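What follows is a single structure, written as structure tokens, with notes after it.
We did not get these values from a lab; they are worked out from the coordinates using the rules stated. Remember, predicted model here, so these are calculated numbers, not experimental data. Cβ coordinates were reconstructed from backbone atoms using ideal geometry, including for glycine residues, and neighbour counts include every protein chain displayed.
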Amino acid sequence: MVLTVPLAGEIKFYPLNETFRVSLGAPAFFFFLLLLQKTPAVLPGFLTGTAVVHFRILLDLFEQENFDWTSSFQAQYPSFFYYFTYSLLFFLVKTNRFQNRPLMIGFIGLLIEILSDLVELMIQYFVLETTITFTKLSEIIMIAFTHSFIVLSFFNMMKLYEVQKRERQIRKQNEHMFMLISNLYEEKIYLKKTLKNVENITKESYHLYRNLKEQEQQHHVLNQQFSQKLLRIAGEIHEVKKDNQRIFAGLSKLITNESFQDYMNAAELIQLIIKINKKYADSLGKEIKFLYSVEGNHPNYHVYTVLSLINNLVANAVEAIIEKGSVRLSLRKLSDTVVFQVADTGPGIPGKYENAIFQPGFTSKYDHLGTPSTGIGLSYVKEVVKDLEGEILFQNNHSNGVVFSIELPIINLIQKG
């Protein structure tokens with residue numbers, strides 16, 4: 001501010017006399033005061049006014065052949081009162097409280113500049129005996145109006161940039177939240193299966209315990225030891241079951257508290273999936289082209305269900321492609337059903353694995369250390385599709401890649417009335 005305003009002040013003209021100048025220093029000064037929200041305006045005004053006077057005296061030193069310090073100071077120091085008065089009034093009115101009301105800021109800036117000009121003119125009148133006419137005062141008002149308009153334009157552009165930046169951040173956070181909650185859907189499915197398994201193991205352990213208790217008369221000591229151990233195991237499994245139930249209840253409450261924001265336009269959903277997986281492909285150092293098509297008029301679909309299903313298939317396609325390739329997503333509406341298709345140009349599925357790809361724990365993917373992946377992605381997708389009363393199929397083109405198709409009833413993907 002201290003450096004810019006004196007420089008901007010040199011873009012100037014003199015509407016009244018050879019000493020009273022109008023320049024871009026005023027709008028630049030106003031703009032900086034609006035930016036410095038946490039600093040009292042009086043101190044920047046004092047420093048800027050001082051800097052302007054010193055800078056203009058320095059210019060006189062280089063420009064005038066017969067330079068005189070006294071006359072130069074008398075000609076320039078009234079400018080200090082302009083900037084100091086401007087900042088003082090800005091501070092007293094507390095202009096920054098109107099940050100969200102640009103028209104009010106423009107009106108306040110207009111009044112402050114006129115009053116500051118009058119103070120500077122008064123100083124010049126008493127010191128330099130300059131003359132003031134009504135016509136010139138009207139010109140000052142017009143110039144002050146122009147300055148306020150310029151400042152408001154730049155200020156609104158800055159505000160617009162801040163809003164756009166904030167909107168991008170919110171969108172990025174929303175994408176992150178979408179992925180987190182879609183992962184929770186996946187965890188919920190497997191937790192539900194774990195609950196069933198633990199419940200069955202608990203029942204079997206308890207039945208075995210009862211059988212051993214009935215046979216204690218024949219092998220009293222040995223069976224008593226076994227039955228006590230089984231009862232303890234059954235009790236521990238029961239505790240695991242209770243813990244899982246509490247976790248499951250929490251996840252269910254979080255996921256089923258659906259709001260309008262949980263549903264999204266079909267095309268936007270597909271674009272979100274592509275955006276996420278493009279970043280994933282870049283992180284793997286792969287050059288993958290993503291294509292998509294949407295056919296028919298689609299309602300808003302449940303974000304987390306679609307994300308958790310389609311993102312699994314697209315991520316698998318990205319991982320399957322060696323270095324370069326393409327992934328195509330297509331979405332079609334067929335009366336009361338919707339069909340999602342994910343096709344890739346990877347190496348395809350080996351024939352011996354075709355019947356096993358949907359089995360839990362099966363995987364053909366290993367990292368650089370030879371550690372296999374979890375093998376739950378496709379089994380999870382099939383489980384969810386089954387729960388949604390849909391169907392998942394795949395067409396193995398071997399060296400030309402794979403096409404996965406998911407057909408679901410639309411009623412199970414849209415917001416419930």
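Structure values in brief
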read-out: Two-site FRET efficiency, ASN156 against TYR125, from Cβ-Cβ distance with R₀ of 45 Å, rounded to 0.05; value: 0.80
read-out: Difference of contour (0.36 nm per residue) and Cα-Cα distance, ALA267 to ARG210; value: 14.7 nm
read-out: Estimated FRET transfer efficiency when R0 is 60 angstrom, pair MET104-GLN395 (beta carbons, to 0.05); value: 0.40
read-out: Kirkwood estimate for the range 4-132, i.e. one over the average of 1/r between Cα atoms, Å; value: 15.2
read-out: Largest to smallest principal axis extent of the C-alpha atoms in the range 262-412, angstrom; value: 44, 30, 27
read-out: Inter-label distance for LEU137 and ASP336, nm, one decimal - labels placed 7 Å from Cα along Cα-to-Cβ; value: 8.1
read-out: Inter-site label distance for LYS278 and TYR353 at 7 Å from Cα along Cβ, in nm; value: 2.8
read-out: Unsatisfied cross-links (Cα-Cα over 24 Å) in the set LYS289/LYS382; LYS172/LYS278; LYS275/LYS352; LYS275/LYS386; LYS279/LYS382; value: LYS289/LYS382; LYS275/LYS352; LYS275/LYS386; LYS279/LYS382
read-out: Cut-off 19 Å, label 7 Å out along Cα→Cβ of SER326, residues of the range 293-313 by amide N; value: 293-295
